[in-house]
Amino acid sequence: MNISTTTEQISFEDLLTAIQPVDGGREIKDPATGALVGRAPEHTTADLHAAIAAARTAQPGWGALTHTERSTYLNLAADAVEANAETLAVLLSREQGKPLNGPNARFEVGACAAWLRATAAFQLEPEILVDDESGRAELHYRPLGVVGAIGPWNWPMMISVWQLAPSLRMGNTVVMKPSEYTPLSVLALVHVLNTALPVDVLHVVSGGREVGEALASHPDIDKLMFTGSTATGKAIIRSSADTVKRVTLELGGNDAGIVLPDADPQTIAQDLFWGAFINTGQTCAALKRLYVHEDIYEDVVAALAEVARSMPMGVGLDENNVLGPLQNKAQFDIVANLVQAAKDSGARVVLGGNPEEGQPGYFYPTTLIADIDNDNPLVAQEQFGPALPIVKYSTIDEAVEKANALEAGLGASVWSSNKEKALEVAARIQAGTVWINKHGAVDPRLPFGGAKQSGYGLEFGVEGLKHLGQPQVISY
Ligand code: NAD
């Protein structure tokens, strides 16, 4: 194999020119200011079919490379992301709204490179299942073929890499369908990755839900990676049924955090804040319902409010800001309506809850709501924005029961000064991941996936690679 590339640095203007249609296209506006960011191509299902056909043709050659060769390409792709990190972060910030600083746009682009490198480094050896006088049997993971990947608008670049990196590593070619709210970020990322990857191995088709539906039902797509809402996940299962596609579903979450009575409010306040408000609350595995023991309830509420008050929110390109707008009007309305309903029910507004009218941008202020019932819609539904309900509890059994009461089961957290106690509670929570004294800390080495209606299948780590291969037993 002779893989050679020079890492190219692309200017912001050249990148936009490369991904935009020559004329027409859909206008994409900055959610913080309403200013035009760029125009996204409106690909049709005919464009989708052409992309799938090209990916299908390229797959045998890509699948025939060794793991070492494909890993080399993934590392070159990571080099390309790093060489263009600032340009990608600025575009992401402008289109998605997230600030450059804090755990936001620069962090997300950095995570793309880190995930590519981690995915390149995993070892996946055939497993020896039997090796005795009766014979030998080995378990191998072969390429599946062409993977279709459909993504959301909250972490558009990072989630694309979560989908494409293990797919490529396992010898599949990929066709991405980004969210119609954030297509430019994914088009730009794929353009940069393709400066390092062989031709036709990775495609992106920018279109609405009809393009997503066509991808999910296409006979030449062998596996679907879907990240998005639970409602769309159910539609995807239906669309994929006739072709019996393999499907990984990373769906909505409504993560609970349980603060035990022995936790120190001052010590945990900052981590609680970022657990809930990372990406201004628009994160699948963010803390979305906080349960605090009555003995320390007021202290936790006060400590959290103090941290929350100190976090500046505003336009993403302003280096001071660490919180941004909601990405779109529909999401703004969901958050505003849920908080209004909580206020109407008599819950206590500790902070925020009063969006300014007549301002440009979909800014919703950082909001903490206390003295709220567990069945209030702000608790029971995924708010996906900067509004955290804080529920008081008296016994651990009550807290665990409330945490487990919903159909969502993506992540959860337990906060305590006593590790043994925290581990005991963690084991009783129905969620794919339970963090202790932190929340949402995903790691490329650790398998990630949902329980209950938060989805099925696993991403990340060697387990994630296995979900993108066809298991094959060789017995002799
Ligand atoms: P969404 O379900 O509205 O859209 C996701 C994608 O699906 C978009 O690209 C959209 O065009 C496409 N789509 C819509 N209808 C389709 C259909 N019938 N067939 C095929 N594709 C279709 O989700 P969203 O609003 O973009 O994202 C927010 C949701 O995603 C939240 O619920 C959040 O919790 C979830 N999420 C989950 C994870 C996770 O890892 N579990 C990560 C991020 C976001």
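Relative to the dominant Cα principal axis of the chain, helix 67-83 is inclined by about 50°. Taking the longest Cα principal axis of the chain as reference, the axis of helix 230-240 is set at about 20 degrees. In the chain, Cα pairs under 8 Å separated by at least six residues give a relative contact order of 18 percent. Sparsely packed loop sites in region 8-41 (the GluC sites (Glu not before Pro) outside DSSP H, G, I, E and B with at most 14 other Cβ atoms within 10 Å) comprise E8. For the chain, the share of accessible area belonging to carbon and sulfur comes to 51 percent (1.4 Å probe, ligands and nucleic acids excluded).
Entry comment: accessible area of the chain is 39 Å² per residue, from protein heavy atoms only and a probe of 1.4 Å. Quick one: if the Förster radius is 22 Å, what FRET efficiency do T72 and T7 give, using the C-beta to C-beta distance and rounding to 0.05? It comes to 0.95. Relative to the longest principal axis of the Cα atoms of the chain, the long axis of helix 85-96 lies at roughly 60 degrees. Its alpha carbons considered, region 255-443 gives a radius of gyration followed by a Dmax of 15.6, 51 Å.
Summing Lys and Arg as +1 and Asp and Glu as -1 over all other residues whose Cβ lies under 15 Å from the Cβ of Y362 gives a net charge of -1. Of all DSSP bridge pairs formed entirely within the chain, close to 40 percent run antiparallel.
The orientation-averaged shadow of the Cα convex hull for the chain, equal to a quarter of the hull surface, comes to 24.0 nm².
With K and R counted +1 and D and E -1, the other residues having a Cβ less than 10 Å from that of P389 yield a net charge of 0.
For region 300-414, a crude dipole built from +1 on the beta carbon of Lys and Arg and -1 on the beta carbon of Asp and Glu, taken about the Cα centre, is about 180 debye to the nearest 20.
Pairs K288/K421; K223/K392; K234/K419; K329/K452; K29/K402: which exceed 32 Å Cα-Cα? Among K288/K421; K223/K392; K234/K419; K329/K452; K29/K402, the Cα-Cα distance tops 32 Å for K223/K392; K234/K419; K29/K402. In the chain, helical runs assigned H by DSSP with n ≥ 4 each contribute -39500 (n - 2.57); averaged across all residues and rounded to the nearest 500, the mean residue ellipticity at 222 nm is -12000 deg cm²/dmol.
When Lys and Arg each count +1 and Asp and Glu each count -1, what net charge do the other residues less than 11 Å away from G97, Cβ to Cβ, add up to? Combined, the nearby Lys, Arg, Asp and Glu give +1.
Computed from label points 7 Å out along Cα-Cβ, the spacing between A241 and S229 is 2.1 nm.
Legend: calculated FRET efficiency, L124 to Y476, from the Cβ-Cβ distance at R0 = 25 Å, rounded to 0.05, equals 0.75.
When the GluC sites (Glu not before Pro) in region 203-295 are filtered for DSSP coil states and for at most 14 other beta-carbon atoms within 10 Å of their beta-carbon, the remaining sites are E294. Each Cα pair under 8 Å and six or more residues apart adds its separation to the average, and for region 255-443 the resulting relative contact order is 29 percent.
The values are calculated or read from the model by the stated rules, or taken from the named source; none is laboratory data. Values in this document were obtained by computation on a predicted structure and should not be read as measured data. Cβ atoms come from the backbone with ideal geometry, glycine included; neighbour counts cover every protein chain shown. With ligands, DNA and RNA removed, areas are computed over all heavy atoms of the protein, side chains included. Shrake-Rupley method; radii C 1.70, N 1.55, O 1.52, S 1.80 Å.
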